[in-house]
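Before any comments, here is the structure.
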Amino acid sequence: MKLGNLIESQQLTPDILFSLFKSADEIRANPKLFSDVLKGKVVATLFYEPSTRTRLSFESATEKLGGSIISTENAKEFSSSIKGESMEDTARIVAAYADCIVMRHYEEGSAKKAGGVINIPMINAGDGKGQHPTQALLDLYTVYREIGRVDNFKIAFVGDLASGRTVRSLCYLIGKFSNIEVVFVSPENLKMKDDIKEYLERHNVNFREEQELSKLLPEMDVIYMTRIQKERISVEDYEKAKGRFVINKDNLNLVKKEAIIMHPLPHVEEIDLSLDIEQNDKRVAYFRQAENGLFIRMALLKMLLE
């Protein structure tokens, strides 16, 4: 029950998931007990795209476990890739300096390529429109903590589902559990791709596609909002989609009291709630979701490197 690296969500079996959830809970309860777990270890964060939560939470997780970080703020601009060095060669070099690489890249499949040429753990921190397995990990951990189970629930994925690697990655985990109903809510031009639908069908997960958000809200246990990813789609597609699906004060009243609203963040026009609501309404889970990323990534690093 040990990982060598984490490139895609499919690697995370239920046994591994529950082991990581247990470890994350133990770390959260008494972080000082784990402050030397990575003593003497070096983690490299190699990010070719901007990041706030993923990069900083991995760096914080490493520090809190007693390890050290080497990093570049923007590997696309501030590494030898700007001179023409291949991503694989950069990975080989960085692997000589570190015990683990956490990489984000703008090209789908990049983490798998880089992981194939190094002999230390590789963690995929997002690869284009492909996957973001540690986001899926923290998302399912959030569901586990917030509603107390990882099966027998209804979830609506809302927004840009064509570009959203976070939704794709979480769907792969959902397929490992039973009695989950999925509803995809998106503009017609940004619908979930067929490969994920086919995966859910193979794993007997019921799903459907809808165009009206408000009528779905009363029946959902989890509402997973996503932003329209302007940087990954055409201007025409963005203009068609922006502002279509929004959670605001009015339709929040339709959400069950025991349900949660999640978002991988950052949120823009698709969340229109006051600071007071975000701070005090327990259904708003996305900032707790982001905090969960620290503890689950600490658990992951511990599993990979201890």
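Read-outs throughout are calculated quantities, based only on the coordinates presented, and are distinct from any laboratory measurement. This one's a predicted model, so the numbers in the text were calculated from it and none came from an experiment. Please note: Cβ atoms are built from the backbone with ideal geometry, for glycine as well, and neighbour counts cover all protein chains shown.
Amide H contacts of Glu209 (H built 1.01 Å from N, in plane; Pro and chain starts excluded): Phe184 sit under 5 Å, all sequence-distant by 5 or more or on other chains. Does the stretch 10-59 come out rounded, prolate or oblate, given a ≥ b ≥ c as the square roots of the eigenvalues of its C-alpha gyration tensor, rounded meaning a/c under 1.5 and, failing that, prolate meaning a/b above b/c? Cα axes put the stretch 10-59 in the oblate bin. Coordinate range of the alpha-carbon atoms in the stretch 137-228 per principal axis, descending: 34, 28, 21 Å. Inter-label distance, Ser60 to Asp272: 3.0 nm, where each label sits 7 Å from its Cα along the C-beta direction. Put a dot 7 Å past the Cα of Glu108, heading toward its Cβ, do the same for Glu306, and the two dots end up 3.6 nm apart. Remark on the stretch 133-290: hydrodynamic radius 15.6 angstrom, per the Kirkwood mean of 1/r across alpha carbon pairs. GNM remark for the chain: springs join alpha carbons under 10 Å apart, and the peak mean-square fluctuation among Ser186, Ser274, Ser110 falls on Ser274.
Summarising the amide proton neighbourhood of Lys154: residues at separation of 5 or more, or on other chains, whose placed amide H is nearer than 5 Å comprise Glu181, Asp221, Val222.
Couplings 3J(HN,Hα) for the stretch 42-54, derived from phi with the Karplus relation 6.51 cos²θ - 1.76 cosθ + 1.60 (θ = phi - 60°), are 10, 10, 9, 9, 10, 10, 8, 10, x, 7, 10, 5, 5 Hz, where x marks Gly and Pro.
Computed over the chain, the range of Cα coordinates on each principal axis works out to 54, 45, 41 Å, biggest value leading. Between Leu6 and Met122, Ile123, Asn124, the built amide H atoms are under 5 Å apart, and every one of these is 5 or more places off in sequence or on another chain. Only Cα pairs under 8 Å and 6+ residues apart enter the sum, and on that basis the relative contact order of the chain stands at 20 percent. The phi-based Karplus calculation (6.51 cos²θ - 1.76 cosθ + 1.60; θ = phi - 60°) puts the 3J(HN,Hα) values of the stretch 139-156 at 5, 5, 4, 5, 4, 4, 6, 7, 10, x, 6, 10, 9, 6, 8, 10, 10, 10 Hz, whole numbers, x for Gly and Pro. Most tightly packed first, judged by the mean number of other beta-carbon atoms within 10 Å of their residues, the peptides 26-32, 48-54 read 48-54, 26-32. Comparing Cα centroids, the stretch 104-126 and the stretch 141-168 end up 24 angstrom apart. Look at the alpha carbon pairs under 8 Å that are at least 6 residues apart: their mean separation over the length of the stretch 133-290 gives a relative contact order of 24 percent.
Modelled spin labels at Lys191 and Phe287, positioned 7 Å past Cα toward Cβ, are 3.7 nm from each other. A simple rule links phi to the HN-Hα coupling: the Karplus curve 6.51 cos²θ - 1.76 cosθ + 1.60 with θ = phi - 60°, which for the stretch 252-257 gives 4, 5, 7, 7, 4, 4 Hz, with x for Gly and Pro. Segment Asp25..Asp151, full-extension length gain: 43.4 nm, with 0.36 nm per residue of separation and the alpha-carbon distance subtracted.
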